[in-house]
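Colleague: Dropping a structure here in structure tokens format, bear with me for questions.
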Amino acid sequence: MPQFNENDLTAAVVKSFESTPNPRAKFLLQELVKSLHDYVRRTDLTFEEWEYAIEFLTRTGQKCTPIRQEFILLSDVLGVSMLVDAVNHREREGATQTTVLGPFYVGEHKQMPHGSDISPHNVTGEKMFVQSRATDLAGKPLAGVPVDVWHADDDGLYDSQKPSYATHGPTARARFVTDGDGRFFFRTILPCSYPIPTDGPVGEMIVQTRRHPMRPAHVHFLVNAKGYEPLITHVFIDGDKYIDSDVVFGVKDELIAKVEERSDPKMPDGKEASAPWHLMTYEFRLKPGGGMAPKPMAARESEPA
Ligand SMILES: [Fe+2]
């Protein structure tokens, strides 16, 4: 029977993966073992703490549903999502900066005509017109590109977090396809800063560790042009109280937009504005390349493991 001391044990577990056929999987597993073992040694982890960690991860998994992803949230608040983003986007060459996907990209977005109101049931939010364009690095417009957009309501919740999701279906969430000049535009309401869900293990950890759970107001965009790297990003609203302390560390200066307050009687597409409104203008520059856009959770769940 082999007898292992603290350090021999790590070497033995690393060696146990030696025959893994996929070299990348072998590397990832062996490095994971080294990091985990190192953590246990450095912290002198107790049995109670180990049990707590197992129970915490179990609850995190149990909280997940087809429209809620507690593990992405955990990755986000620990800064892992932004770190993966950073190591994969070291050189942007003038392309728009990227940020986290977040846990609320929940399903295929329905294509809507330009100018559509994507928050038609909202009666309390202040109206906002979003005008945007997708180009390559030289500023050449990219036509026919699907762009998914989604954001929280003025009560700080995404459609998928509300009971009305069952009756109204998706709101503040749509897909637009850029026109011949790379442009797309739509109406919605001004989103506000919002807390990540605090009714699960991740939110409980944030509260118990005296961190605040807030994200500054933003609109999510996923621009997916053929022949270009999929662009996963947000546009943040300048002046938000939480712009410097995003709970998921997702803010980058370049992604902050000045949203203008407007009182013109007509919006940029010539249609009447019934009350003062806001104008968000932002252009996306895409980097040539490939890669897969993330699949919505519902699609992932229907795939075989
Ligand atoms: Fe968000």
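The values are calculated or read from the model by the stated rules, or taken from the named source; none is laboratory data. Because the structure is a prediction, the values reported are computed rather than measured. Reconstructed Cβ throughout: ideal geometry from the backbone, glycine too, with neighbour counts over all protein chains shown.
Colleague: Which ones in the range 165-208 are among the hydroxyl-bearing types (Ser, Thr, Tyr), under 14 Å from residue 116 (Cβ atoms) and touching a strand residue (DSSP E or B) at 6+ places or on another chain (Cβ under 7 Å)?
Modeller: If the condition is that a residue be among the hydroxyl-bearing types (Ser, Thr, Tyr), under 14 Å from residue 116 (Cβ atoms) and touching a strand residue (DSSP E or B) at 6+ places or on another chain (Cβ under 7 Å), then 188 is the only one that fits.
Colleague: From the list 95, 86, exactly one residue is under 21 Å from the mean Cα position of the chain (by Cα) and not in a helix (DSSP H, G or I). Which is it?
Modeller: None of the other options fit; the residue is 95.
Colleague: Any idea how many residues of the range 126-178 are part of a loop (DSSP other than H, G, I, E, B), out of contact with any helix residue (DSSP H, G or I) (no Cβ under 7 Å at 6 or more places or on another chain) and β-branched (Val, Ile, Thr)?
Modeller: Residues flagged as part of a loop (DSSP other than H, G, I, E, B), out of contact with any helix residue (DSSP H, G or I) (no Cβ under 7 Å at 6 or more places or on another chain) and β-branched (Val, Ile, Thr) within the range 126-178 amount to 2.
Colleague: Can you name the residue in the range 134-165 that is among the aromatic types (Phe, Trp, Tyr) and at pLDDT below 95 and is also surrounded by the most Cβ atoms within 10 Å (Cβ to Cβ) among such residues?
Modeller: Here the answer is 158.
Colleague: For residue 121, are the conditions met, namely being away from the ligand (no atom under 16 Å from the Cβ), part of a loop (DSSP other than H, G, I, E, B) and in contact with a helix residue (DSSP H, G or I) (Cβ under 8 Å, 6 or more places away or on another chain)?
Modeller: The answer is yes for residue 121.
Colleague: Within the range 201-240, count every residue that is within 16 Å of the ligand (Cβ to nearest atom) and assigned to a loop (DSSP other than H, G, I, E, B).
Modeller: Of the residues in the range 201-240, 5 are within 16 Å of the ligand (Cβ to nearest atom) and assigned to a loop (DSSP other than H, G, I, E, B).
Colleague: Going residue by residue through the range 91-114, is there one that turns out to be exposed (fewer than 12 other Cβ atoms within 10 Å of the Cβ), within 26 Å of residue 252 (Cα to Cα), in contact (Cβ under 8 Å) with a residue 60 or more places away in the chain and more than 16 Å from the ligand (Cβ to nearest atom)?
Modeller: Yes: one or more hits.
Colleague: In addition: Give just the number: which of (1) modelled with pLDDT of 95 or more; (2) assigned to a loop (DSSP other than H, G, I, E, B); (3) within 16 Å of the ligand (Cβ to nearest atom) does residue 197 not satisfy?
Modeller: Exception for residue 197: condition (1).
Each row is one residue, and each column tells you yes or no for (1) within 16 Å of residue 206 (Cα to Cα); (2) over 30 Å from the mean Cα position of the chain (by Cα); (3) part of a loop (DSSP other than H, G, I, E, B).
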| site | (1), (2), (3) |
| --- | --- |
| 25 | no, no, no |
| 33 | no, no, no |
| 39 | no, no, no |
| 42 | no, yes, no |
| 50 | no, no, no |
| 58 | no, no, no |
| 71 | yes, no, no |
| 76 | yes, no, no |
